[in-house]
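Q: If you scroll down you'll find the structure; I have some questions about it.
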Amino acid sequence: MSTWYLVSVFLHIILAAFWIGGMLFLPLVILPGIRQHPDRIAILYKTGLKFRYYGWIATTALFATGLLNIYLRGLPFTWKFFTENQYGILVSYKIFLFAGILAISGTHDFFFGRKALEEMQTTDNSRLKTVARWSGRINLLLSLVAAFIGVVLSRGGTLP
Ligand code: HEM
């Protein structure tokens, strides 16, 4: 087990903690904390943009360290491995999940989330706010599933 492999898995875990932690922090800490604040929308806009920026850095680096984990573990990048090997199949599931996470993040960050904040300036019962909220929740769920698959992969990749 090379030092670089350990560094790659370490970075992967820290990035996963930042990504999932951020998605938990917003609804559980920021939103309730600023509910009565007069500048609520401005704070939400600013913190949302900041997390969007670092979120895309984190997800890109998660993909890079994910591939590095496979490479430094000495595993082959072959179609056969990703379709016939138990470990490889789990990684394939994770990559599909990850593609879904990126697609939802994209629509959330660059459409629903932004439009919802604009709409919230004028009305309190923004329909887009509900869509933005639910896309965030679905992404959190998918990321938790990705983390669980990761934990199985790190322990050999076979489900009990
Ligand atoms: C939202 C995205 C992701 C999250 C939250 C996530 C989370 C995790 C976690 C928590 C672990 C377990 C670490 C441990 O128990 O030691 C892990 C391991 C792993 N992840 Fe991810 N991951 C993500 C995306 C990816 C992607 C896109 C890939 C592949 C390209 C990937 C490949 C791996 C591999 C190969 C391991 C096993 C590392 C080892 O050898 O121990 N991950 N991941």
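The values are calculated or read from the model by the stated rules, or taken from the named source; none is laboratory data. Computed from a prediction, not measured in an experiment: that's the story for all the values here. Positions of Cβ are backbone-derived with ideal geometry, glycine not excepted, and every protein chain shown enters the neighbour counts. Remember, those area values only see protein heavy atoms, side chains included, never the ligands or the DNA or RNA. Shrake-Rupley method; radii C 1.70, N 1.55, O 1.52, S 1.80 Å.
Q: State whether one or more residues within the range 39-47 are farther than 16 Å from Ile95 by Cβ, modelled with pLDDT of 90 or more and of a type in the set (Lys, Arg).
A: no
Q: How many of the residues making up the range 132-148 are open to solvent by less than 60 Å² (accessible area, probe 1.4 Å) and either touching an Asp or Glu at 6+ places or on another chain (Cβ under 8 Å) or more than 7 Å from the ligand (Cβ to nearest atom) (or both)?
A: Just the residues of the range 132-148 that are open to solvent by less than 60 Å² (accessible area, probe 1.4 Å), to begin with: 132, 135-136, 139-140, 142-143, 146-147.
Filter again for either touching an Asp or Glu at 6+ places or on another chain (Cβ under 8 Å) or more than 7 Å from the ligand (Cβ to nearest atom) (or both), leaving 132, 135-136, 139-140, 142.
Residues that pass the stated criteria total 6.
Q: Out of curiosity, is Leu44 crowded, with 18+ Cβ neighbours inside 10 Å and more than 10 Å from the ligand (Cβ to nearest atom)?
A: In short, yes.
Q: If I filter the range 3-30 down to residues being more than 11 Å from the ligand (Cβ to nearest atom) and either open to solvent by less than 50 Å² (accessible area, probe 1.4 Å) or touching a helix residue (DSSP H, G or I) at 6+ places or on another chain (Cβ under 6 Å) (or both), which single residue comes out as farthest from Leu141 (Cα to Cα)?
A: Trp4
Q: Still on this model: When both residues are 6+ apart or on different chains and their Cβ atoms are under 7 Å apart, which pairs have a first residue that lies in the range 75-99 and is in contact (Cβ under 8 Å) with a residue 12 or more places away in the chain and within 9 Å of the ligand (Cβ to nearest atom), and a second that is of a type in the set (Val, Ile, Thr) and open to solvent by less than 60 Å² (accessible area, probe 1.4 Å)?
A: Leu90/Ile149; Leu90/Val152; Val91/Ile70; Lys94/Ile149
Q: Something else: Does Phe111 satisfy the criteria of being within 15 Å of the ligand (Cβ to nearest atom) and either of a type in the set (Phe, Trp, Tyr) or modelled with pLDDT under 95 (or both)?
A: Judged against the criteria, Phe111 is not a match.
Q: Still on this structure, I have one more. Can you pull out every residue in the range 149-160 that is part of a helix (DSSP H, G or I) and either among the charged types (D, E, K, R) or near the ligand (Cβ under 8 Å from one of its atoms) (or both)?
A: Scanning the range 149-160 gives Ile149, Gly150, Val151, Leu153, Ser154.
Q: Among the helices (runs of 4 or more DSSP H) lying completely within the range 1-87, list those that include at least 2 residues that are in contact with a Pro (Cβ under 7 Å, 6 or more places away or on another chain) and under 19 Å from His108 (Cβ atoms).
A: Result: empty, no element qualifies.
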